[in-house]
Every structure is written in C-alpha cells, then in structure tokens.
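Presented below is the structure to which this report refers.
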Amino acid sequence: MAERMCGELGSVVAHSAAAAKLFSLSGLFAVYKPKGPTCASVLNQLKEKLLAEAGIQVCARKRKKQILKIGHGGTLDGAAAGILVVGIGKGTKMLSNLLSGSKRYTAIGELGKATDTLDATGKVTEEKPYDQITKGDLERVLQKFVGNIMQVPPLYSALKRDGQSLSSLMKKGKAVEPNPARPVTVYSLSLQNFQPPLFTLDVECGGGFYVRSLVSDIGKELSSCASVKELTRTKHGPFTLEEHALHEDKWTIDEIAQSLEHCMSLVAVEPSLKKLKTEHSEESTVNCEDK
C-alpha cells in the first residue's frame, strides 16, 4: 500500500493545508547562513524543516527526486557567514539574475600571514613582518582596488575545471594551474578598523568577486602578506542581512510566506530581477563564485 502511494504521489505521502501552502510558495527570500556549513547543507536543512512541518515524507527509494524546488543565488564560503538569497518555486528562475548583482561584505583581514586558501581555514604558507604598516598606508593602498580591476580567483574556489570545483581538485592533491586574471568591479571599499595585525574592511562589489583574493592582494601591495580571518556577507542585491535574512528559528512556512511578500516588493524595483526566465530553470543549488 505504501509503495503504491509513493508511486501515485511522486514520492510524497501527505495531504494537508500546510503542504498546499508550502507548494504554493514562489519567489525570493533570504536566510542567514552561519559560519561552518556549506550553502548546500543550509538549503538541505531548510528543505527538511519545511517538508517536516508540512507532514511530507519522502520515500527512501525516491529521495533523490526533487520534491521541493529550491535553490540559492550565490555561493558563500563555508567559513563565511551572512545573507543567502533563496529561490523557491518559480523564484528559482530568478536566481541567475542575482549572480551579477552587487554584494556587500564585512571582512576582517590579518596582516603578516598568508594561507593556501587565502583564509583562516588553510595552511600557513608564508609569514612576513607587518609592524611597519600604518593606517595611512593601508588606506592609500585600498584606493588601488576601487573601480574596474583585474583579479585572479583563488585556487580553492567553486570555479569548475573538468566538471569539478577547483577546491575539490586541490583537496585531492591534484596539480591545479591558477585561473587567469579577470575583470571584476568594486563599487566601494573602506577601512572600518585598524588594530594590527587585524584590519576590517567594508566592500561592495559585483559578481565573480573574491574578497579572499582582495585581502591577499592588499597584503602584497603593502610588501607583506594577508589572509581573511572572518567574512560576513551583509547585502545581496536589494536584500540586507539585518532586515531580510531569516534565522533558523524563523524557517517556517508562515514566516517564509510573509518574507516572500516583503522581499518580492523589493524585487519589483529592480527590473533585472522582475522578469522570470522561461528556460533553464534551476531546481537545485545555483553556484556563484563571489566570496
């Protein structure tokens, strides 16, 4: 009997008002991604909570089948925290438009220490003196990184080569050649705090930008080295961490429905997001190299 129900309902065993409301949700909203888990695992956790609330059971043999259409609009490093824009239902078709949109980050860099991942999760590859660096030196160097610049992406990144991410290849010990420098845009960059060896940056940038590469390049410009100690994405498109990101305790069908109303009203003023694409619907995680 259970097997027949699985087949008839496409691996969903439930009929309820909550389930009906869940599958009627459509659009963009934002959640808070804590430091540690990957974006994919955050989405899986979100999906599991919503399906459980709706009383929906997924048959084990069809667990891989897409039951709830959901995805995100830009990868955030596992070691980073902050806002993660989520598309649900037809909203997944809007995610690709977010990839080239502006994003804002707060980054804490550490002078005098370079790592293979360009952040605190990697192995230290170089250490250099930093005592000679002043706040004025750092502020002057920052001016070189505003506007349209060229940037080399990190070797540990979501960028693909031969169907695998560079991060996966690096972790397997494969020899990976760096990608060539590519054009990226920095809309604004300012120094928020300077307490050597730590310095705090506020940066707003376009798609394809890596804050880790920025901090590393800043260290080199100062005749030293640097890596990211902490990274938080505070804004993505029209959505901000403070106003729009739902924390885990708010991951309910009703809270998301309410958030969708608010967030989609913001999307209406951004023409690039208003139009739903009719092809290539992304039913799974949408990747973006912008950390």
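The values are calculated or read from the model by the stated rules, or taken from the named source; none is laboratory data. Remember, predicted model here, so these are calculated numbers, not experimental data. Glycine also receives a Cβ, built like all others from the backbone with ideal geometry; neighbour counts cover every protein chain displayed. Only protein heavy atoms, including side chains, enter the accessible area calculation; ligands, DNA and RNA are left aside. Shrake-Rupley method; radii C 1.70, N 1.55, O 1.52, S 1.80 Å.
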(request) Considering every residue within the stretch 212-232, establish whether at least one is surrounded by fewer than 20 Cβ atoms within 10 Å (Cβ to Cβ) and in contact with a Ser or Thr (Cβ under 6 Å, 6 or more places away or on another chain). (result) yes
(message) If S224 satisfies all but one of (1) in contact with a His (Cβ under 8 Å, 6 or more places away or on another chain); (2) in a loop (DSSP other than H, G, I, E, B), what's the number of the condition it fails?
(response) (1)
(request) Go over the candidates S41, S24, S96 one by one and state the one that is in contact with a strand residue (DSSP E or B) (Cβ under 7 Å, 6 or more places away or on another chain), surrounded by fewer than 19 Cβ atoms within 10 Å (Cβ to Cβ) and over 21 Å from P154 (Cα atoms). (result) S96
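Going by what's in this entry, would G82 be described as modelled with pLDDT of 95 or more and on the phi > 0 side of the Ramachandran plot?
Values: modelled with pLDDT of 95 or more: yes; on the phi > 0 side of the Ramachandran plot: yes.
Yes.
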(request) Could you please let me know if K113 is open to solvent by 30 Å² or more (accessible area, probe 1.4 Å), among the basic types (K, R), over 17 Å from A245 (Cα atoms) and at pLDDT 95 or above? (result) yes
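Are any residues in the stretch 117-143 of a type in the set (S, T, Y) and either open to solvent by less than 80 Å² (accessible area, probe 1.4 Å) or outside any loop (DSSP other than H, G, I, E, B) (or both), and if so, which ones? Give the derivation first.
Of the stretch 117-143, the ones of a type in the set (S, T, Y) are 117, 121, 125, 130, 134.
Result: T117, T125, Y130, T134.
Out of curiosity, is S188 over 21 Å from L43 (Cα atoms), touching a residue at least 24 places away in the same chain (Cβ under 8 Å) and part of a strand (DSSP E or B)? I'd like the intermediate steps shown before the answer.
Working: over 21 Å from L43 (Cα atoms): yes; touching a residue at least 24 places away in the same chain (Cβ under 8 Å): yes; part of a strand (DSSP E or B): yes.
Judged against the criteria, S188 is a match.
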(message) Against the conditions (1) within 13 Å of the chain's Cα centre (by Cα); (2) small (G, A, S); (3) surrounded by 22 or more Cβ atoms within 10 Å (Cβ to Cβ), where does A107 fall short? Just the number, please.
(response) (1)
